[in-house]
Amino acid sequence: MRMPRLRRALFEGWSIGSDPKPGSTFGSDALGDKRLSRLYRRECHEGRGTDARSFKGPERSCSAAHWILGESVSNLRDSLTVQFHAESGSAPVEWLITDGPVGYEEAVAFMEARAEAIAAGEARELVWLVEHPALYTAGTSAKAADLVDPDRFPVHQTGRGGQYTYHGPGQRVAYVMLDLKRRAPDLRRYVTALEAWLIATLDAFNIRGERREDRVGVWVRRPDKGETVEDKIAAIGIRVRRWATFHGISLNVEPDLSHFSGIVPCGVTEHGVTSLVDLGIPVTMPEVDAVLRRTFEEIFGPTERVETPLLSRHGV
């Protein structure tokens, strides 16, 4: 009998085998937004039957369903190690900041080429910080009904995980191209590390970012709007091909928040969006970039600033 996807993933630490196949819906590609949590809930429900197999988690042994039911998804992520350093002797991660708007299709073409080169051992890992012109992207789980205003901005279909999201001026996008074979071939831990990176960055500005058990990304409470109100300040959407990651995170610094109204961001209707400036933090993009680099190094290891004009070629 074939084991359900999440239960198999829990056995293998989200590895889904030693080398995910390019193009497969789950193993190679798209994780983001609500998909992780939906898979947890689905497998939890399916596991209530007689096929709820036992496995050993950290210092425990129980059925997969009981383990999920007994602890919230956010607690599962909180319990994972956030240190995600490369193996000893690895070169520093290249750190590139591109000023000015970067076209979305150009960025994707470069990321795909770079991820292939990383997987083949022909290029170093890279974090690339960009801003895009105003646009919407549709992830692999996007629903047509969530594109509220299809004529407002260009819409790009993309292979990252998640649903609809907005990119535009004032939002820092970090494309993260890492070799998980040098770190840990474990997508749960990788997503947890990305969340921890964002939470640490927000903490540097005295903002408490939080995980949620039913949503991937980073959220802030808004008591100024109401006791139970919270807004999303950062999103995560990734792809993994031959254990090389691409796509990554976005952090709202000072975007025009009205631009999010043309979509249902990440398929979440009951919560809003916010930014650092919206929360009363008068910060510049270079200041945010400096903190992102420092907190990245705390979790992922050393970086090295590079100035290569990447978009002049889709190579390494």
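At-a-glance table
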quantity	calculated
Number of the exception - Leu279 against (1) in contact (Cβ under 8 Å) with a residue 40 or more places away in the chain; (2) farther than 21 Å from Gly161 by Cβ; (3) surrounded by fewer than 20 Cβ atoms within 10 Å (Cβ to Cβ); (4) within 20 Å of the chain's Cα centre (by Cα)	(4)
Test for Val240: is it over 24 Å from Leu178 (Cβ atoms), open to solvent by less than 30 Å² (accessible area, probe 1.4 Å), assigned to a strand (DSSP E or B) and not aromatic (Phe, Trp, Tyr)	no
Filter result (in a strand (DSSP E or B) and either among the hydrophobic types (A, V, I, L, M, F, W, C) or at pLDDT 95 or above (or both)) within the range 149-180	Val155, His167, Gln171, Arg172, Val173, Ala174, Tyr175, Val176, Met177, Asp179
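Results for (1) in contact with a Lys or Arg (Cβ under 8 Å, 6 or more places away or on another chain); (2) open to solvent by 10 Å² or more (accessible area, probe 1.4 Å), shown as yes or no for each residue.
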{"site": "Gly162", "(1), (2)": "yes, no"}
{"site": "Gly168", "(1), (2)": "no, no"}
{"site": "Gln171", "(1), (2)": "no, no"}
{"site": "Leu180", "(1), (2)": "no, no"}
{"site": "Asp186", "(1), (2)": "no, yes"}
{"site": "Thr192", "(1), (2)": "yes, no"}
{"site": "Trp197", "(1), (2)": "no, no"}
{"site": "Asn206", "(1), (2)": "no, yes"}
{"site": "Val218", "(1), (2)": "yes, no"}
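The values are calculated or read from the model by the stated rules, or taken from the named source; none is laboratory data. None of these values were measured; they are calculated from a predicted model. Every residue, glycine as well, gets a Cβ built from its backbone with ideal geometry; the counts of neighbours run over all protein chains shown. Side chains are part of the model used for accessible areas, which takes the heavy atoms of the whole protein and leaves out ligands, DNA and RNA. Shrake-Rupley method; radii C 1.70, N 1.55, O 1.52, S 1.80 Å.
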